[in-house]
Amino acid sequence: MKKDMYLKIRKPSLRYDYFLFFDTPEYLADQLFIKQMVRVWFDQEYAKEGSPFLAILCHVKKKDSAKFLAALDALKNKMILCGYPEYEAEVQKMMRHLEEAKGDAHINENDTSRETKQAGTTEISCG
């Protein structure tokens, strides 16, 4: 599956890999995970008003990451068969939005640290 259809989240762990992927409220990916015999721990899910897709945060054992990604690869075809032909385009659109938000967060983080340094250099007099 193309990297722009899911997001691997960097989180320090010796046992697990963390991912964000997109599914439907019917959880079409679940059957694919069962078929691949991969156990997935679902951490959180998010829904955008007006979108038929959910953003799902999960983690899998590192040894099962390849099976998990194979299931996500099959998910794209299953979405088309189950009446979601816009899945790929919508997911790519949401991923671009996430990347833009991530870039904005870095800019705001840098601005905040600059303001903190400036605020920290002011002298305080007591008396």
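The values are calculated or read from the model by the stated rules, or taken from the named source; none is laboratory data. Quick caveat, the model's predicted, so the values are computed rather than measured. With ideal geometry, Cβ positions are generated from the backbone for all residues, glycine too; neighbour counts draw on all protein chains shown.
Being within 16 Å of A55 (Cα to Cα) and either outside any helix (DSSP H, G or I) or of a type in the set (S, T, Y) (or both) is the filter here, so list the residues in segment 16-40 that pass it. Those that are within 16 Å of A55 (Cα to Cα) and either outside any helix (DSSP H, G or I) or of a type in the set (S, T, Y) (or both): Y18, F19, L20, F21, F22, D23, T24, P25, E26, Y27, L28, V40.
Going through segment 1-15 one residue at a time, which ones are surrounded by fewer than 16 Cβ atoms within 10 Å (Cβ to Cβ) and either of a type in the set (S, T, N, Q) or under 15 Å from the mean Cα position of the chain (by Cα) (or both)?
Result: M1, K2, K3, D4, K8, I9, R10, K11, S13.
Name the single residue that is surrounded by the most Cβ atoms within 10 Å (Cβ to Cβ) among those in segment 19-29 being in contact with a strand residue (DSSP E or B) (Cβ under 9 Å, 6 or more places away or on another chain) and touching a residue at least 12 places away in the same chain (Cβ under 8 Å). It would help to see each step written out before you state the result.
Here is the first cut: in segment 19-29, the ones in contact with a strand residue (DSSP E or B) (Cβ under 9 Å, 6 or more places away or on another chain) are 19-25, 27, 29.
Applying the additional criterion that residues be touching a residue at least 12 places away in the same chain (Cβ under 8 Å) yields 19-25, 29.
Details: F19: 20, L20: 19, F21: 23, F22: 25, D23: 23, T24: 17, P25: 10, A29: 23.
Out of the qualifying residues, it is F22.
Go through the residues of segment 64-82 one by one and say whether even a single one is surrounded by fewer than 12 Cβ atoms within 10 Å (Cβ to Cβ) and either modelled with pLDDT under 90 or more than 16 Å from L32 (Cα to Cα) (or both). Taking every residue of segment 64-82 in turn, none turns out to be surrounded by fewer than 12 Cβ atoms within 10 Å (Cβ to Cβ) and either modelled with pLDDT under 90 or more than 16 Å from L32 (Cα to Cα) (or both). In segment 30-52, the qualifying residues are those that are under 21 Å from E88 (Cα atoms) and more than 15 Å from the chain's Cα centre (by Cα), and the one that is surrounded by the most Cβ atoms within 10 Å (Cβ to Cβ) is F33.
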